[in-house]
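K.L.:
Right, I'll just put the structure down here and ask away after.
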Amino acid sequence: MCFKPLPRRLGRALTTLLLVVFAAAPALAEQEPLNGLTMHVFMSETCPHCRAQKPFLAALDANHPELEVRHLEIMTTREHHDLLRNMASLHDVQPGSVPMIFVGGKVWTGDSRQIRREIADHVEACLSNGCPR
């Protein structure tokens, strides 16, 4: 079978389309699942506030099967830095302190009883009524 080369203009258009699709893929991958809710927890294994918050997040995750909690280490690896910067920019906050939690269009930094209550209430509301996308 023999293939003819694409006309130059069509080849450029296809290349541009593929670049757009591949550039958008990480953003599409971070969207909420169709029947659930994803929480991004940017944290450090060496952070005492992050460690203290883990049991709360584990219980929240266990009590809500439709919630997916993603723990993303940022101190010992640079793997999640771009995602943190992008999410912080979308939420109009500065990345810096951990834990930094993104869920359902909102963000929290740090750990306290008040923050935990707000997160739990927001997760409940999102799972019952939907969240901003």
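The values are calculated or read from the model by the stated rules, or taken from the named source; none is laboratory data. Because the structure is predicted, anything quoted here is derived from the model rather than measured. Using ideal geometry, Cβ is built from the backbone for each residue, glycine included, and neighbour counts are taken over all protein chains shown.
K.L.:
Looking at (1) among the basic types (Lys, Arg); (2) modelled with pLDDT of 95 or more; (3) assigned to a loop (DSSP other than H, G, I, E, B), which one does Arg78 not meet, given that it meets all the others?
P.N.:
With (1) among the basic types (Lys, Arg); (2) modelled with pLDDT of 95 or more; (3) assigned to a loop (DSSP other than H, G, I, E, B) applied to Arg78, the lone miss is (2).
K.L.:
Could you please give the count of residues in region 71-112 that are surrounded by 13 or more Cβ atoms within 10 Å (Cβ to Cβ) and at positive phi?
P.N.:
Summing the residues that are surrounded by 13 or more Cβ atoms within 10 Å (Cβ to Cβ) and at positive phi in region 71-112 gives 3.
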